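Q: The structure follows.
Any read-out appearing in this document is the output of simple, stated calculations on the displayed coordinates, not a laboratory observation. Keep in mind that what you see is a predicted model, and the values were worked out from it rather than measured. Using ideal geometry, Cβ is built from the backbone for each residue, glycine included, and neighbour counts are taken over all protein chains shown.
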Amino acid sequence: MTSSGPPAGEERSVMLVHPHWKTILRPVLVALVTVAAALALIIVIPSGSVAKWERMAVGVIAVILLAAWVLAPLLRWRRTTYELTTRRLRLRQGVLTRRGRDFPLLRISDVSFQHGLLDRMLGCGKLIVESAGEHGQLVLPEIPHVEQVQGTLFQLVEDEQQRLNSDGG
C-alpha cells in the first residue's frame, strides 16, 4: 500500500508565512518622517557654543523614537509566523516573550477568507478558521496570498481526515 503523505507520526512543514508587508507600512512611514524631521532640525540649529549638544539631543530623541515606533513593530512583524504543517496550524509571535498556539487539523471544521478591494490589490486578506472545541473561531488578519493559504489549509484538513480514516481512527 502506498501513501501520498508522510509516514505515520511524521509531521512536515508545508507553508510558513508572516503577516503581509502592509502591516509594517506605518512604521516605515514613521521612520521616514522621523529621519526627515531630525535632519531638518539639525540643519536649522544655528551655530554656537551649544549647537553641538542641541544636535546631539535631536539625534538621541530621533533614535529613541525610531526604536519605539519603528524597530519594535518591525521585530514583532518579523517574529510573527503562521505555519501550516501536515498535522496542525501553528501560530507563533513575540520578541522577548514568545507565545504560541497550535490547532490540530482534525479539529478544524471550516476555512474561509475575506478581502476587500485594497486587500485584493495588495494580495492579502483575512483567514477565518472555525475550530471544534474550546478554540471556536480564529481570525488571522493580513495574510499574504490568503486564497492560496485557505486552499492549502483546506486540502491539508481533508488529507489529515483521510489519513485518520485510513488508519482505522
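Q: By the scheme Lys and Arg +1, Asp and Glu -1, what is the net charge of all other residues having a beta-carbon under 9 Å from that of R92?
A: Once all neighbours under 9 Å are counted, the net charge is +4.
Q: So which DSSP H runs in the chain come out at 27 Å plus along the axis (Cα) with average Kyte-Doolittle of at least 0.0?
A: 25-44
Q: For the chain, what does -39500 (n - 2.57) per DSSP helix run (n ≥ 4), summed and divided by total residues, give at 222 nm, in deg cm²/dmol to the nearest 500?
A: Calculated at 222 nm, the ellipticity per residue is -13500 deg cm²/dmol.
Q: In debye, nearest 20, what is the charge dipole magnitude of the chain about its Cα centre with +1 on Lys and Arg Cβ and -1 on Asp and Glu Cβ, if you could check?
A: On the way: 19 positive and 15 negative charges, 177 e Å.
Its charge dipole is roughly 860 debye.
Q: How many angstrom lie between the Cα centre of the stretch 96-142 and the Cα centre of the stretch 13-88?
A: Here the answer is 28 Å between Cα centres.
Q: Using +1 at the Cβ of each Lys and Arg and -1 at the Cβ of each Asp and Glu in the chain, identify which of F154, I61, Y82 lies farthest towards the dipole's positive end.
A: Among F154, I61, Y82, the one farthest towards the positive end of the dipole of the chain is I61.
Q: To make sure I understand, if each residue's beta carbon is the centre and we count other beta carbons within 10 Å, what order do F113, F103, F154 fall in, fewest to most? Kindly include the intermediate steps, with their values, before the conclusion.
A: Details: F113 20, F103 17, F154 14.
By the 10 Å Cβ count, ascending, the order reads F154, F103, F113.
Q: Collect residues whose amide H, placed 1.01 Å from N in the peptide plane, falls under 5 Å from the amide H of I45; neighbours closer than 5 in sequence don't count.
A: Those qualifying (amide H under 5 Å, at least 5 residues apart or on another chain) number zero.
Q: Which of D167, D119 has the fewest other C-beta atoms within 10 Å, and how do the rest follow up to the most?
A: D167, D119
Q: Classify the chain from the C-alpha gyration tensor, please: rounded if a/c falls under 1.5, else prolate or oblate depending on whether a/b exceeds b/c. Each step should come with its number before you reach the end.
A: On the way: a/c = 4.00, a/b = 2.95, b/c = 1.36.
Prolate is the answer for the chain, as a/c is 1.5 or above and a/b outweighs b/c.
Q: Cβ under 12 Å from T152's Cβ, T152 left aside: what net charge do those residues give with Lys, Arg +1 and Asp, Glu -1?
A: Details: positive: none; negative: E83, E147, E158, D159.
It works out to a net charge of -4.
Q: In what order do T86, T97 fall by count of nearby beta-carbon atoms within 10 Å, going from fewest to most?
A: Exposure proxy ranking, most exposed first: T97, T86.
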